[in-house]
1. Work out from phi, with θ = phi - 60° and the Karplus expression 6.51 cos²θ - 1.76 cosθ + 1.60, the ³J(HN,Hα) of each residue of region 56-61, listed in order in whole Hz, and give x for Gly and Pro.
2. Keeping all protein chains in the complex and leaving out DNA, RNA and ligands, what accessible area do you get for Lys95 with a 1.4 Å probe, in Å² to the nearest 10?
3. Compute the length gained on full extension between Gln77 and His40: take 0.36 nm times their separation in residues and subtract their Cα-Cα distance, giving the result in nm to one decimal.
4. Can you tell me how region 1-50 classifies by the Cα gyration tensor, rounded, prolate or oblate, using a/c under 1.5 as the rounded cut?
5. About the Cα centre of the chain, how large is the charge dipole given +1 on each Lys and Arg Cβ and -1 on each Asp and Glu Cβ? Please answer in debye to the nearest 20.
6. Counting only helical runs of four or more DSSP H residues, what would the 222 nm mean residue ellipticity of the chain come to if each run contributes -39,500 (n - 2.57) and the total is spread over all its residues?
7. How do Glu73, Glu51 stack up against each other in accessible area, from largest to smallest, with a 1.4 angstrom probe?
8. Note the angle between two axes, namely the Cα long axis of helix 62-79 and the longest principal axis of the Cα atoms of the chain, as a number of degrees from 0 to 90, rounded to the nearest 10.
Amino acid sequence: MSSAGAVASYLARRSAQKERVRLLYRRWLKDALNWAVHRHLFYQDASDLREKFDANKHVEDLDHIDRLIEEAEARFQKFRHPDPYIVPWAPGGSKFCRNPPPHPGIEIVYNHGKEDDLQ
(Lines give C-alpha, C1' and ligand atoms only; values in the text may rest on other atoms or scores of the structure.)
Protein backbone atom coordinates (compact mmCIF):
# COMPACT_ATOMS: atom_id res chain seq x y z
CA MET A 1 0.00 0.00 0.00
CA SER A 2 1.38 3.40 -0.88
CA SER A 3 2.02 5.97 1.78
CA ALA A 4 -0.76 8.18 0.37
CA GLY A 5 -3.18 5.26 0.62
CA ALA A 6 -2.08 4.55 4.17
CA VAL A 7 -2.54 8.17 5.16
CA ALA A 8 -5.98 8.27 3.54
CA SER A 9 -6.96 5.05 5.31
CA TYR A 10 -5.73 6.41 8.66
CA LEU A 11 -7.57 9.69 8.21
CA ALA A 12 -10.80 7.96 7.20
CA ARG A 13 -10.69 5.66 10.22
CA ARG A 14 -9.81 8.51 12.57
CA SER A 15 -12.65 10.62 11.16
CA ALA A 16 -15.13 7.77 11.68
CA GLN A 17 -13.92 7.38 15.26
CA LYS A 18 -14.34 11.08 15.97
CA GLU A 19 -17.89 10.94 14.62
CA ARG A 20 -18.74 7.91 16.77
CA VAL A 21 -17.36 9.65 19.86
CA ARG A 22 -19.27 12.85 19.07
CA LEU A 23 -22.54 10.96 18.63
CA LEU A 24 -21.97 8.90 21.77
CA TYR A 25 -21.25 12.04 23.80
CA ARG A 26 -24.43 13.74 22.54
CA ARG A 27 -26.59 10.67 23.25
CA TRP A 28 -25.09 10.37 26.71
CA LEU A 29 -25.74 14.07 27.46
CA LYS A 30 -29.35 13.76 26.32
CA ASP A 31 -29.75 10.67 28.46
CA ALA A 32 -28.29 12.51 31.46
CA LEU A 33 -31.19 14.96 31.13
CA ASN A 34 -33.58 12.05 31.63
CA TRP A 35 -31.92 11.09 34.92
CA ALA A 36 -31.56 14.60 36.37
CA VAL A 37 -34.47 15.91 38.42
CA HIS A 38 -33.08 19.46 38.55
CA ARG A 39 -30.85 21.41 36.18
CA HIS A 40 -28.07 21.89 38.72
CA LEU A 41 -27.81 18.10 39.01
CA PHE A 42 -27.60 17.79 35.24
CA TYR A 43 -24.79 20.37 35.07
CA GLN A 44 -22.72 18.33 37.52
CA ASP A 45 -23.40 15.10 35.59
CA ALA A 46 -22.49 16.81 32.32
CA SER A 47 -19.26 18.09 33.81
CA ASP A 48 -18.36 14.61 35.09
CA LEU A 49 -19.16 13.11 31.70
CA ARG A 50 -16.96 15.66 29.95
CA GLU A 51 -14.08 14.80 32.27
CA LYS A 52 -14.47 11.11 31.42
CA PHE A 53 -14.36 11.84 27.69
CA ASP A 54 -11.43 14.25 28.06
CA ALA A 55 -9.43 11.66 30.03
CA ASN A 56 -8.99 9.64 26.82
CA LYS A 57 -8.69 12.59 24.47
CA HIS A 58 -4.97 12.12 23.79
CA VAL A 59 -5.00 8.38 22.97
CA GLU A 60 -3.40 7.85 19.55
CA ASP A 61 -3.57 4.06 18.96
CA LEU A 62 -6.50 3.41 16.62
CA ASP A 63 -7.21 -0.08 17.95
CA HIS A 64 -7.20 1.18 21.54
CA ILE A 65 -9.58 3.99 20.55
CA ASP A 66 -11.94 1.44 18.97
CA ARG A 67 -11.91 -0.62 22.18
CA LEU A 68 -12.62 2.48 24.28
CA ILE A 69 -15.53 3.44 22.03
CA GLU A 70 -17.01 -0.06 22.14
CA GLU A 71 -16.70 -0.19 25.95
CA ALA A 72 -18.33 3.23 26.28
CA GLU A 73 -21.19 2.30 23.92
CA ALA A 74 -21.81 -0.92 25.85
CA ARG A 75 -21.81 0.99 29.13
CA PHE A 76 -24.21 3.57 27.69
CA GLN A 77 -26.61 0.83 26.57
CA LYS A 78 -26.41 -0.82 29.99
CA PHE A 79 -27.12 2.36 31.99
CA ARG A 80 -29.46 4.31 29.72
CA HIS A 81 -32.76 5.53 31.11
CA PRO A 82 -35.59 2.96 30.82
CA ASP A 83 -38.26 5.63 30.19
CA PRO A 84 -36.65 8.58 28.37
CA TYR A 85 -38.42 11.91 28.05
CA ILE A 86 -40.02 12.44 24.65
CA VAL A 87 -41.35 15.83 23.60
CA PRO A 88 -45.17 15.43 23.55
CA TRP A 89 -45.68 16.40 19.90
CA ALA A 90 -42.72 14.36 18.59
CA PRO A 91 -43.17 10.79 17.28
CA GLY A 92 -43.67 8.60 20.33
CA GLY A 93 -44.88 11.54 22.43
CA SER A 94 -48.24 11.68 24.17
CA LYS A 95 -49.72 14.28 21.79
CA PHE A 96 -48.32 12.89 18.53
CA CYS A 97 -51.14 12.49 15.98
CA ARG A 98 -53.73 13.21 18.65
CA ASN A 99 -55.70 15.34 16.19
CA PRO A 100 -55.40 13.62 12.82
CA PRO A 101 -55.90 15.75 9.70
CA PRO A 102 -59.47 15.99 8.40
CA HIS A 103 -60.66 13.81 5.55
CA PRO A 104 -59.94 15.17 2.06
CA GLY A 105 -63.63 15.89 1.35
CA ILE A 106 -64.06 18.20 4.34
CA GLU A 107 -63.32 21.89 3.88
CA ILE A 108 -62.33 23.95 6.91
CA VAL A 109 -62.78 27.70 6.70
CA TYR A 110 -60.72 29.78 9.09
CA ASN A 111 -62.51 33.12 9.12
CA HIS A 112 -61.94 33.78 12.83
CA GLY A 113 -65.43 35.19 13.44
CA LYS A 114 -65.54 37.46 10.39
CA GLU A 115 -68.85 36.84 8.63
CA ASP A 116 -69.14 37.53 4.90
CA ASP A 117 -72.86 38.41 5.28
CA LEU A 118 -72.25 41.54 7.40
CA GLN A 119 -70.68 43.62 4.64
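The values are calculated or read from the model by the stated rules, or taken from the named source; none is laboratory data. Fair warning: this is a prediction, and the values are worked out from it, not measured in the lab. As a convention, Cβ positions derive from the backbone with ideal geometry for all residues, glycine included, and neighbour counts pool all protein chains shown. Remember, those area values only see protein heavy atoms, side chains included, never the ligands or the DNA or RNA. Shrake-Rupley method; radii C 1.70, N 1.55, O 1.52, S 1.80 Å.
1. My calculation for region 56-61 gives 10, 5, 9, 6, 10, 6 Hz in order.
2. Lys95 has an accessible surface of roughly 110 Å² with all protein chains in place.
3. Separation in residues times 0.36 nm, less the Cα-Cα distance, equals 10.9 nm.
4. Verdict is prolate for region 1-50.
5. My answer is approximately 360 debye.
6. Value at 222 nm, helices only, nearest 500: -20000 deg cm²/dmol.
7. From most exposed to least exposed: Glu51, Glu73.
8. 40
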